[in-house]
Amino acid sequence: MEMIVADQIIMGLILDAGDAKQHIYQALSLAKDGKFSECDEQIELADKALLEAHNLQTKFLAQEAGGTKTEITALFVHSQDHLMTSITEINLIKEIIDLRRELQGEK
């Protein structure tokens with residue numbers, strides 16, 4: 001496995017989690033307007049960005065398991081917090097979108 005510098009992983013986590021959150025809020029906005037096809041595209045982009053964040057997190061954990069220890073910095077803690085809150089918001093917003101679909105007879 002290629003070695004990635006911890007700071008690159010941390011910044012990647014923050015960026016990917018932020019992208020995922022941006023896409024899911026765009027999806028919610030589109031759902032409010034009844035534009036479910038476009039909404040689904042944004043959900044897919046949110047899921048892809050979240051997968052990228054998970055992949056980076058897995059690389060980080062694999063490197064540490066392989067013996068490369070990393071100092072736990074405030075930025076690292078922030079990246080984990082950002083990822084976890086993004087996951088939570090995405091899950092909740094998907095539920096809200098499903099409710100909007102039901103209310104508008106979309107499902």
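Across the chain, how many lysine pairs, 8 or more apart or on two chains, come within less than 17 Å at their alpha-carbon atoms?
11
Report, in deg cm²/dmol and to the nearest 500, the calculated mean residue ellipticity at 222 nm for the chain, where each DSSP H run with n ≥ 4 adds -39500 (n - 2.57) and the sum is divided by the residue count.
-29500 deg cm²/dmol
Say R0 is 30 Å: what FRET efficiency, to the nearest 0.05, do Lys35 and Gln8 get from their beta-carbon distance?
0.25
Rolling a 1.4 angstrom probe over the protein chains, ignoring ligands and nucleic acids, what is the accessible area of Asp19 in square angstrom, nearest 10?
Spelled out: Asp19, probe radius 1.4 Å, area about 70 Å².
Over the chain, what percent of the accessible surface lies on carbon and sulfur atoms, probe 1.4 Å?
Ligands and nucleic acids excluded, carbon and sulfur reach 55 percent.
Restricting to DSSP loop positions (anything but H, G, I, E, B) with no more than 15 other Cβ atoms inside 10 Å of their own Cβ, which GluC sites (Glu not before Pro) remain in the range 28-107?
Loop-located and lightly packed - Glu71, Glu106.
Charges at C-beta only: +1 for Lys and Arg, -1 for Asp and Glu. How large is the resulting dipole of the chain about its Cα centre, in Debye rounded to 20?
Roughly 140 debye for the chain.
Take Lys59, Lys48 and sort them by solvent-accessible surface of the protein heavy atoms, 1.4 Å probe, largest at the top.
Ranking Lys59, Lys48 by accessible area, largest first, yields Lys48, Lys59.
Report, in order of residue number, the helices in the chain meeting two criteria: a C-alpha extent of 20 Å or more along the helix axis, and a mean Kyte-Doolittle hydropathy of at least 0.0; treat each whole DSSP H run as one helix.
Both cut-offs are met by 6-32, 74-103.
Taking 2.2 N^0.38 Å as the expected size of a compact globular protein, what ratio does the Cα radius of gyration of the chain give against it, to two decimals?
Cα-based Rg divided by the globular estimate yields 1.26.
Suppose R0 equals 35 Å; then what is the FRET efficiency for Glu71 and Gln22 from their Cβ-Cβ distance, rounded to the nearest 0.05?
0.75
The values are calculated or read from the model by the stated rules, or taken from the named source; none is laboratory data. Keep in mind it's a predicted model, so treat the numbers as computed, not measured. Neighbour counts run over all protein chains shown; Cβ positions are idealised from the backbone, glycine included. Accessible surface areas use protein heavy atoms only, side chains included; no ligands, DNA or RNA. Shrake-Rupley method; radii C 1.70, N 1.55, O 1.52, S 1.80 Å.
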